[in-house]
Amino acid sequence: EDLLRALPGVLARKTVELTIAGEFWNDTERETESLIQTLGIDNAVSIDNHYIPNEKLADVFRTHDLVVMPYRSATGSAVANMAIEYERPIIATNVGSLPTCVEEGINGFLTPANDVEALGGTILKALDHRFDASALRKHREDREQGWDDLIDEVEGMLPSEGWRPL
């Protein structure tokens, strides 16, 4: 809802298209379509309401310039990790673990949660920012190396003999 409410302000300054991708739950699709109509942004929004299998994720990410995640609360986000994997810049609210996924100006920008005006301003800032493809790649590689380092650390704490996984 916050992203849809921020979109008219973005559209006043830039020509953009928003894709809402993924399966809706409960009555949220009807509510979303109603809000889109009320805000008069139906020409700038497309809805792709279905489960997206892993084989199709690359197409979704590679055909879009930004991944916007205006979560009001969160613990983590698979979407953030996929955006990093597909080297797409992220706009995320500063909730849960999302701030750990964003290096300001390198692979995206953070914005306060529940602040439609700030979200719109952050989107405009990201649209004007020149994200460097090599920096996006390095961010992805650094995160992958971090996981490899963690695994090595955990394995180093295990006894070398007499141990076997369940």
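Computed values, structure above
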| read-out | value |
| --- | --- |
| Residue list for segment 122-142, filter: surrounded by 17 or more Cβ atoms within 10 Å (Cβ to Cβ) and either without any contact (Cβ under 8 Å) to a residue 40 or more places away in the chain or β-branched (Val, Ile, Thr) (or both) | Thr122, Ile123 |
| Any hit, segment 43-64, residues being of a type in the set (Ser, Thr, Tyr), within 21 Å of Ala126 (Cβ to Cβ) and in contact with a helix residue (DSSP H, G or I) (Cβ under 8 Å, 6 or more places away or on another chain) | no |
| Subset of segment 1-12 (residues that are part of a loop (DSSP other than H, G, I, E, B) and touching a residue at least 12 places away in the same chain (Cβ under 8 Å)) | Glu1 |
| Condition met for Arg5 (among the basic types (Lys, Arg) and more than 19 Å from Thr111 (Cβ to Cβ)) | no |
| Residue, farthest from Asp2 (Cα to Cα), within segment 33-42, restricted to residues that are in contact with a helix residue (DSSP H, G or I) (Cβ under 7 Å, 6 or more places away or on another chain) and β-branched (Val, Ile, Thr) | Ile41 |
| Extreme residue, modelled with the highest pLDDT, among residues of segment 101-121 that are on the phi < 0 side of the Ramachandran plot and open to solvent by 70 Å² or more (accessible area, probe 1.4 Å) | Glu117 |
| Looking only at segment 13-38, and only at residues there that are assigned to a loop (DSSP other than H, G, I, E, B), among the acidic types (Asp, Glu) and modelled with pLDDT under 95, the one that is farthest from Arg88 (Cα to Cα) | Asp27 |
| Inter-residue pairs, beta-carbon under 8 Å, first within 26 Å of Phe61 (Cβ to Cβ) and in segment 15-40, second surrounded by 11 or more Cβ atoms within 10 Å (Cβ to Cβ) and among the aromatic types (Phe, Trp, Tyr), 6+ apart | Thr32/Phe24 |
| For Ser77: the one exception among (1) under 21 Å from Ala126 (Cβ atoms); (2) in contact (Cβ under 8 Å) with a residue 24 or more places away in the chain; (3) open to solvent by 40 Å² or more (accessible area, probe 1.4 Å); (4) of a type in the set (Gly, Ala, Ser) | (3) |
| Thr93 vs. criteria among the polar types (S, T, N, Q), in contact (Cβ under 8 Å) with a residue 24 or more places away in the chain and either touching a helix residue (DSSP H, G or I) at 6+ places or on another chain (Cβ under 8 Å) or more than 17 Å from Ala126 (Cα to Cα) (or both) | yes |
| Residue, nearest to Asn114 (Cα to Cα), within segment 3-21, restricted to residues that are in contact with a strand residue (DSSP E or B) (Cβ under 8 Å, 6 or more places away or on another chain) and surrounded by 14 or more Cβ atoms within 10 Å (Cβ to Cβ) | Leu3 |
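Rundown of residues vs (1) exposed (fewer than 13 other Cβ atoms within 10 Å of the Cβ); (2) at pLDDT 95 or above, yes/no style:
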site: Glu55; (1), (2): yes, no
site: Val60; (1), (2): no, no
site: Leu66; (1), (2): no, yes
site: Glu87; (1), (2): no, no
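The values are calculated or read from the model by the stated rules, or taken from the named source; none is laboratory data. From a predicted model like this one, the values you see are computed outputs, not experimental measurements. Cβ coordinates were reconstructed from backbone atoms using ideal geometry, including for glycine residues, and neighbour counts include every protein chain displayed. Remember, those area values only see protein heavy atoms, side chains included, never the ligands or the DNA or RNA. Shrake-Rupley method; radii C 1.70, N 1.55, O 1.52, S 1.80 Å.
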